[in-house]
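Here the structure comes first, spelled out in structure tokens, and everything after it is commentary.
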Amino acid sequence: MSTRRTDEVIFVSIYLISVILTIVPYIIILMIIKRRQKEFAGSAYKIMFNLGIVDCIQLLAHSFAFIFTMADSTFSYWINKV
């Protein structure tokens, strides 16, 4: 393996580990907020719950970057801009 490829593998590994380490507790906290609706009945908690769902979706979407890093591809100029 070349040095560049090794750096890419290390980068992807760190990235995936950080996604997993953040999304697991995030989902647990969101489940607690959803199950205990009496304690978390305020509108602030509803906003936090919805923002948490969006944040989890964003974490999952960004985790697909490892495919492009490992394939050494940007797929397309316009998708890279998105």
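FYI, it's all coordinate maths here, none of it is from the lab. Quick caveat, the model's predicted, so the values are computed rather than measured. No Cβ is skipped: glycine too gets one built from the backbone with ideal geometry, and neighbour counts run over all protein chains shown.
Things to note:
- Ordering Gly52, Ser2, Trp78 by Cα displacement along the dipole of the chain toward the positive end leaves Gly52 in first place; charges were set at the Cβ atoms of Lys, Arg (+1) and Asp, Glu (-1).
- Between the helical axis of 3-35 and the longest alpha-carbon principal axis of the chain there is an angle of about 10 degrees.
- For Leu51, Leu30, the sequence from fewest to most other C-beta atoms within 10 Å is Leu51, Leu30.
- GNM flexibility winner over the chain from Ser43, Ser63, Ser18 (Cα, springs under 10 Å): Ser43
- Axis of helix 43-63 versus longest Cα principal axis of the chain: the two differ by about 20°, to the nearest ten degrees.
- Relative contact order [Cα under 8 Å, 6+ residues apart], the chain, whole percent: 41
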